[in-house]
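The values are calculated or read from the model by the stated rules, or taken from the named source; none is laboratory data. These numbers come from a predicted model, not from an experiment. Here the Cβ is made from the backbone with ideal geometry for all residues, glycine too, and neighbour counts use every protein chain on show.
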Amino acid sequence: MTALKRTRVGPFDLNNAVDGEKFLDQNTNIDIKPHILSSDYVLGDILDITVTESQIKLLRSGQAIRVNGLQNTENDTLVACKSEKNALIAMAFFQDGLLRPKRVFNI
């Protein structure tokens, strides 16, 4: 074997990919919109929870929050924290009854 090419990883497939060289070439006009995936699609296999406005403020300040509904969740489980409007707020780890933010999105 002289080469190995990964054509699929989970829900991602090369058939739906944009060629990086063409994308970076300023002389090429590529419509990128059809290739943009929603956070729900990308994070489809990750546990998610809806958080309140007051919890969003805490997460955006880097603070851990206590949430209901994760009693049977194992420590170090990655959880997507979403607003009531389904906007992705943060990725957090569940530890000892708390969600501790790992990455926060201010979009």
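Restricting attention to segment 68-91, the residues being in a loop (DSSP other than H, G, I, E, B), among the aliphatic types (A, V, I, L, M) and either over 16 Å from the mean Cα position of the chain (by Cα) or modelled with pLDDT of 95 or more (or both) number 1. Residues in segment 56-74 that are of a type outside the set (A, V, I, L, M) and farther than 13 Å from M91 by Cα: K57, S61, R66, N68, G69, Q71, N72, T73, E74. Among the residues that make up segment 32-44, is at least one of them out of contact with any Phe, Trp or Tyr (no Cβ under 6 Å at 6 or more places or on another chain) and assigned to a strand (DSSP E or B)? No, segment 32-44 contains no residue that is out of contact with any Phe, Trp or Tyr (no Cβ under 6 Å at 6 or more places or on another chain) and assigned to a strand (DSSP E or B).
If you go through segment 4-40 and keep only what is among the basic types (K, R) and in contact with a Ser or Thr (Cβ under 8 Å, 6 or more places away or on another chain), you end up with just K22. In this structure, is G62 outside any helix (DSSP H, G or I), free of Cβ contacts under 8 Å to residues at least 24 places away in the same chain and among the small types (G, A, S)? So G62 does not fit the description; no.
No other residue among L88, L58 is within 13 Å of V104 (Cα to Cα) and either exposed (fewer than 11 other Cβ atoms within 10 Å of the Cβ) or touching a Lys or Arg at 6+ places or on another chain (Cβ under 9 Å) (or both) apart from L88. Scan segment 9-23 for residues that are outside any loop (DSSP other than H, G, I, E, B) and surrounded by 10 or more Cβ atoms within 10 Å (Cβ to Cβ) and the total you get is 6.
Residues that are in contact (Cβ under 8 Å) with a residue 12 or more places away in the chain, surrounded by 10 or more Cβ atoms within 10 Å (Cβ to Cβ), within 18 Å of Q95 (Cα to Cα) and among the charged types (D, E, K, R) occur in segment 35-54; there is at least one.
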